[in-house]
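To start, the structure itself, in structure tokens.
None of the figures in this text is laboratory data; all of them are computed from the coordinates on show. What you are looking at is a predicted structure, and each value in this text was computed from that prediction instead of being measured. Glycine gets a Cβ as well: all are built from the backbone with ideal geometry, and neighbour counts include every protein chain shown.
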Amino acid sequence: MNNKFYFPSIRSNVDSFYVMSLLSKASNLEKKGKEIFHFELGEPQISTPQPIISEIKSLLKLNLPGYTPSNGIEKLRLKVSNFYFNKYKIDLNPDQIFITNGSSGAFLLSFISAFDPGKKVGIFNPVYPAYRNILKSLSIEVVEISSSDACKDIINLKDVEKFRNLDGLIISNPNNPNGQVFANKELKYIYDFCEKNKIMLIVDEIYHGIEYQQRSKSILNFGSNAFVINSFSKYFCMPGWRLGWAVVPKKLQDNFLKLSQNLFISTGNISQYSALKAFDCIDYFDRIVNSYRVNRKLITKELKKIKKIKFNEPMGAFYFYLNIEDFKLNSIELSNKILNEIGVVVTPGNDFDKIYGSQFIRLAFSGNNKNVAQGIRKLTQWFENY
């Protein structure tokens, strides 16, 4: 008999996110009374600023329209446009800006509008795993661009020269998970390379503003033919609001809008109107970045005590990416051991790199200074005694 049922679809068979299983285990341990120190989640632990919270309360009393335009309310797109002019000296037409359901919605719309099934899109390892998994779910071929064995945790953008037949390329700057920030000459190189080889460039700038030395330029400082993805979740301290944006190349704006209308209808109205206040809180957000800087300094000092761990100090975002290969356990085994024995949660590197990830763990330092200090000293002591 011919079996007509093929469920589930091949496209839906994407990798799970290991960090979520560890988070579930940690939550169960917390319910049993165990003290847990969270270094696994990539989100600010500082609360959303009060002006935004106050705005929500005011908005709830208003009879706001339920649906908004599919590209976002005009006031918010104008705010984003002004933000780019003030920060990067880039003059963006608000029609280039699309307010999305988080950066995830922006990635999905960008990938569908730019690439047909079977097209080849490159990603640099180590990398945020959702790129790989969203592309796979769309039947787009993922081309993994790995670092050399000598520099497993550092991305060399010139490695792309072996892959001139790509249809698309994704980079994140600053990068998750290794905190790498690309220099201006590197950004110019990758933009020019993609232009020359007719490769659509998509740049994740979600951690812009969270840098510890030189502030990074936007890829749009080097040309307009690229997607830029950003979000209110990281620098703007609004995780869970599911609010992001995409700056879309002009030739793709009409299709991007039609896809947005059909796939998402619109983004949450309360989130959008509340986010207008975010651009009045830049000094607040910069102070939070300074608190990350304090954590970064402390963790660097503590990790240097552990001879078996190799790492590079992150220049952006809020992650350390630690080489743990000398401990003779893979990252999943080591992460589970650390959680069970001392209640510290870290992220296995398997999520970020299919080749070398088992030799790394990611350590997020976006928590409050006191908790980070307690947790990292506990972790350092465990490593020293291992």
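What the table below lists for this structure:
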read-out	value
Cut-off 15 Å between beta-carbons: net charge of the residues surrounding residue 190, Lys and Arg +1, Asp and Glu -1	+1
Helical mean residue ellipticity (222 nm; -39500 (n - 2.57) per DSSP H run of 4+; nearest 500) of the chain	-12000 deg cm²/dmol
Selection from 82, 309, 260, by position along the positive dipole direction of the chain (Cβ)	309
Dipole magnitude of the chain, debye to nearest 20 (Cβ charges: Lys/Arg +1, Asp/Glu -1, about Cα centre)	420 debye
Subset of 196/234; 152/378; 34/337; 301/378 violating a 23 Å alpha-carbon distance limit	196/234; 152/378
The stretch 50-280, Cα convex hull volume normalised per residue, Å³	121 Å³
Positive-end extreme of charge dipole, the chain - chosen from 129, 352, 295 (charges on Cβ)	295
Cα-based radius of gyration of the stretch 107-166 once divided by 2.2 N^0.38 Å, which approximates compact folds	1.16
Segments 146-152, 91-97 sorted - mean Cβ within 10 Å per residue, highest first	91-97, 146-152
Highest average packing first - 55-62, 8-15, Cβ atoms within 10 Å	55-62, 8-15
Local electrostatic count at residue 381 - Lys and Arg +1, Asp and Glu -1, tallied over other residues with Cβ under 10 Å	+1
